[in-house]
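What follows is one structure encoded as structure tokens, with my remarks underneath.
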Amino acid sequence: MPVLRFDNVSKQYAGGHVALSGVSFAVDAGEMLFVTGHSGAGKSTLLKLIQLAERPSRGTVLFAERNLAKVRGSRIAAHRRNIGVVYQNHQLLMDRSVGENVALPLVLRGMKRAETGKRVRSILDRLGLAARERALPSQLSAGEQQRVGIARAVIAEPALLIADEPTGNLDPALSSEIMALFAALPERGTSVLVASHDLGLVKRMRKRVLVLEQGQLTDDIAPEDLVDE
Ligand code: ADP
């Protein structure tokens, strides 16, 4: 069953700018894929439609078979809890410890303290951040900060993990490391959708790649069809 489906989706912003045009694709549960394209191609818009930060002008976005056009009002927050988000600038709370940042999605869900602490330590351990639980984000390197952002995004085991240019501020070696975490970290069953303009980096990951050009989905490349440059 697809966790996400775009059916002929177009998005035209006020002012007439067409950001997406007739985009259709489906993502299976547990699948990882990239969406790539030049700046302005529509990658962020595509991710915003999934989070209901924007609405399509035409077409349908389905999440777990539910038409998102019908998700309104107080149900938007509930929908967003199914989606883990990793930001380019990690968006950590700088006055809270690493552990508190990562715990946040569980605290918001009302999970008990003991269970929350256990889950936080487990995820920090898997990300090589066990010794950093009490540190403040400002005491971490850029790569560590981004790993904390990933830990926070996956700790509540969302159905879908999305990231918009998660390596935008990292050097090439760190970028590869962070991309590898996206492939390795989520629980089985979590789908992962990563937007990146870095086609070379994306191709090296050997995952499915959607290519956007000026709002149109011009290619949907299976891993076995990726060729080295
Ligand atoms: P990408 O993430 O691939 O850089 P975007 O989705 O941000 O692409 O943008 C796609 C197009 O839509 C661009 O031409 C951009 O200028 C335009 N756009 C994005 N957001 C808005 C907005 N809020 N209002 C008007 N135009 C927008």
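Residues in segment 35-77 average 51 Å² of solvent-accessible surface per residue, probe 1.4 Å, ligands and nucleic acids excluded.
Sites listed here are chymotrypsin sites (Phe, Trp or Tyr not before Pro) in segment 4-74 whose DSSP assignment is loop and whose Cβ has at most 14 other Cβ atoms within 10 Å: 13.
With the convex hull constructed from alpha-carbon coordinates only, the chain shows a mean projected area of 13.0 nm² over all directions.
Pick out, in residue order, every one of the GluC sites (Glu not before Pro) in segment 59-144 that is DSSP loop and has at most 15 other C-beta atoms within 10 Å; say none if there are none. Of the GluC sites (Glu not before Pro), the ones in loops of segment 59-144 whose Cβ has at most 15 other Cβ atoms within 10 Å are 65. By DSSP, what percent of the beta bridges with both residues in the chain are antiparallel, rounded to the nearest 5? Expressed as a percentage, antiparallel bridges in the chain total about 55. Give the carbon-plus-sulfur fraction of the accessible surface of segment 120-203 in %, rounded to a whole number; probe 1.4 Å, heavy atoms of protein chains only. Looking at segment 120-203 in its full context, I get 47 percent from C and S. For segment 126-142, putting each phi into the Karplus relation 6.51 cos²θ - 1.76 cosθ + 1.60 with θ = phi - 60° gives couplings of 5, 9, x, 10, 4, 6, 9, 4, 8, 6, 8, x, 5, 8, 9, 6, 4 Hz, in residue order, rounded to whole numbers and with x for Gly and Pro.
Cβ-Cβ distance of residue 74 and residue 183, R₀ of 25 Å, FRET efficiency by 1/(1 + (r/R0)^6): the value works out to about 0.15.
Of the chain, which part is the longest with no trypsin sites (Lys or Arg not before Pro) in a loop (DSSP not H, G, I, E, B) and with at most 15 other C-beta atoms within 10 angstrom?
Working: sites that count: 72, 81, 96, 109, 112, 134, 188, 206.
No qualifying site falls inside 1-71, the longest such stretch.
The H on the amide N of residue 20, modeled in the peptide plane, is under 5 Å from the matching H of 11, each at least 5 residues off or on a different chain.
Show that you can apply the helix-only estimate: for the chain, add -39,500 (n - 2.57) for every DSSP H stretch of four or more residues, divide by all residues, and state [θ] at 222 nm to the nearest 500.
Numbers: 7 runs with 71 residues, N = 229.
One gets -9000 deg cm²/dmol as the mean residue ellipticity at 222 nm.
Largest to smallest in accessible area, the residues 18, 3 fall in the order 18, 3 (1.4 Å probe, all protein chains included). Over all other residues within a Cβ to Cβ distance under 14 Å of residue 30, the charged ones net out to -1, with Lys and Arg as +1 and Asp and Glu as -1. For the Cα trace of segment 1-115, dividing Rg by the Kirkwood Rh returns an Rg/Rh value of 1.01.
Annotation for residue 88 and residue 109: the two label points, set 7 Å from Cα along the Cα-Cβ direction, are 2.9 nm apart.
Distance between the pseudo-spin-label points of residue 141 and residue 121 (7 Å out from Cα toward the beta carbon): 2.6 nm. For the chain, find the longest principal axis of its Cα atoms and tell me its angle to the long axis of helix 98-108, 0 to 90°, nearest 10. It works out to around 60 degrees. The simple spin-label model puts a point 7 Å past each Cα toward its Cβ; for residue 227 and residue 1 those points are separated by 4.0 nm.
The values are calculated or read from the model by the stated rules, or taken from the named source; none is laboratory data. Just so you know, these numbers come straight off a predicted model, no measurement behind them. Reconstructed Cβ throughout: ideal geometry from the backbone, glycine too, with neighbour counts over all protein chains shown. The accessibility values were calculated without ligands, DNA or RNA, using every heavy atom of the protein model including side chains. Shrake-Rupley method; radii C 1.70, N 1.55, O 1.52, S 1.80 Å.
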